[in-house]
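To keep things clear, I will list the structure first and then write my remarks on it.
The values are calculated or read from the model by the stated rules, or taken from the named source; none is laboratory data. Owing to the predicted nature of the structure, the values given are computational and were not obtained by experimental measurement. So basically every Cβ, Gly included, is an ideal-geometry build from the backbone, and we count neighbours across all protein chains shown.
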Amino acid sequence: MMQVDQASWHGAKDLRIPDNIRLIAQPAYSPELNPVEHIWEELREKQLANLALSSLDEVIDKVCDGLNQLEADPERLRSLTYFPHFRMVS
């Protein structure tokens, strides 16, 4: 499964979806239903704000630093991604 947010700038004219992938569209204008949005917001605010990075490698390094910091702080990560109305599917 892959969740898609239906934002117009995420669209594609020709999208080939492999047989083993099922797209699930979330309602429009509902980033709160996608926990990774909160992680990206955290990275933008804490790692990438007010920076003028000169290369893609610098961006990748900053994002990796931020992800490593979140991984080292399970409580912070949980606060960004845990929503009691979600349930785990295995």
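Here are the numbers for this structure:
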{"quantity": "Pair list, Cβ under 6 Å, 6 or more apart: the range 43-58 residue within 17 Å of residue 70 (Cα to Cα), other residue surrounded by 12 or more Cβ atoms within 10 Å (Cβ to Cβ) and of a type in the set (D, E, K, R)", "calculated": "47/62; 48/62"}
{"quantity": "The range 1-20, subset surrounded by 10 or more Cβ atoms within 10 Å (Cβ to Cβ) and out of contact with any strand residue (DSSP E or B) (no Cβ under 6 Å at 6 or more places or on another chain), residue modelled with the highest pLDDT", "calculated": "5"}
{"quantity": "Any hit, the range 52-61, residues being of a type outside the set (Lys, Arg), surrounded by 13 or more Cβ atoms within 10 Å (Cβ to Cβ), in contact with a helix residue (DSSP H, G or I) (Cβ under 7 Å, 6 or more places away or on another chain) and within 23 Å of residue 77 (Cβ to Cβ)", "calculated": "no"}
{"quantity": "The one condition in (1) among the hydrophobic types (A, V, I, L, M, F, W, C); (2) surrounded by 12 or more Cβ atoms within 10 Å (Cβ to Cβ); (3) under 19 Å from residue 3 (Cβ atoms) that residue 70 fails to fulfil", "calculated": "(3)"}
{"quantity": "Test: residue 23 is surrounded by fewer than 10 Cβ atoms within 10 Å (Cβ to Cβ) and without any contact (Cβ under 8 Å) to a residue 24 or more places away in the chain", "calculated": "no"}
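Here is a yes/no grid of residues against (1) in a loop (DSSP other than H, G, I, E, B); (2) under 14 Å from the mean Cα position of the chain (by Cα); (3) of a type in the set (Asp, Glu):
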residue	(1), (2), (3)
15	yes, no, no
27	yes, no, no
46	no, no, no
54	yes, no, no
65	no, no, yes
